[in-house]
Each structure stands twice: as C-alpha cells, then as structure tokens.
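Quick notes on the structure that follows.
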Amino acid sequence: MKKQYIFLIIILIILYISYLIITFTYKEYKITSHIEYISSLNQSLREKIIEAEEIITYKGSLAYKNKILKEQQSYKNKWEEVVYLTTEKIYNKFTSIDVPEVIKEDKKESNTKLDEKTIYEKWIYLILKKDIN
C-alpha cells in the first residue's frame, strides 16, 4: 500500500515538474516571438527613417526648390522657356483690365478686317503682321 502512495506521489511530482517545464517554455516562446516582432518593427522603422532622411535632403536641395519655383511660380532659368498652364478663370482673374470702349471698337474693326480676307492673307497677316493690299 505504501508503494502505491509513493508511486502516486512520484507521478504527481513528475506531472508538476512537467507542468512547470511546459509553462516555462511557453513563456520563453512568447518572449522570443515578441523580441522578434520588436526587432522586425525596429528594422522597418530604421528603413523608414533612412527614407525620410533622403526625402528631407532632396526637399532641401536646390534642384527641388528650382522645380517648385518652376511649377508654382513660372520661374525659369536664363536658357529655358517655361510655359505656365492655368485655368481660364484664374487667368482672367489676373489679366482682366477694364479697357475703354474705343479700344474695344478698334479690335472689333480689326476682326472684321480679318474676316474679309482670304485664308492665305490671314496667315500672312497673323504670322508676319503685314497686310497684302
């Protein structure tokens, strides 16, 4: 009878020790997986920081500032010709000037003169600014 109790106690001790081993390995697994997750997160943050530094240096460069000036303010270098495209509404906002009626009538007369000309004469007039008469 004593042998049976001793055997049961030994089995309980073995089960308890195995339970402790299993819980320890599970906790260790959780910790290592968490460490791997943090290290991968850290690596991705390092890559993003490097990419952000490259963007900052690019946006601080003279080439980027020149590009922005060209796009937004129609800036050009001495050797370049820049075309600035905008909507008609914005263009009219900055270019509309109240013109006296006399000048408007002169433009109407010049348009009627153009309407009376042939296609060849119109092209010569528009390109060379000369009348063929």
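A few notes on this one:
- Residues that are modelled with pLDDT under 65 and either loosely packed, with under 12 Cβ neighbours inside 10 Å or of a type in the set (K, R) (or both), drawn from the stretch 78-105: I97, D98, V99, P100, E101, V102, I103, K104, E105
- For the stretch 115-133, filtering for residues that are at pLDDT 75 or above and in a loop (DSSP other than H, G, I, E, B) leaves 2.
- Among the residues of the stretch 51-63, those identified as assigned to a helix (DSSP H, G or I) and loosely packed, with under 10 Cβ neighbours inside 10 Å are L62, A63.
- Any hit, the stretch 13-33, residues being surrounded by fewer than 10 Cβ atoms within 10 Å (Cβ to Cβ), of a type in the set (S, T, N, Q) and either part of a helix (DSSP H, G or I) or under 24 Å from the mean Cα position of the chain (by Cα) (or both): no
The values are calculated or read from the model by the stated rules, or taken from the named source; none is laboratory data. Being a predicted model, the structure only gives us computed values, none of them experimental. Ideal geometry is used to build each Cβ from the backbone, glycine not excepted, and the neighbour counts take in all protein chains shown.
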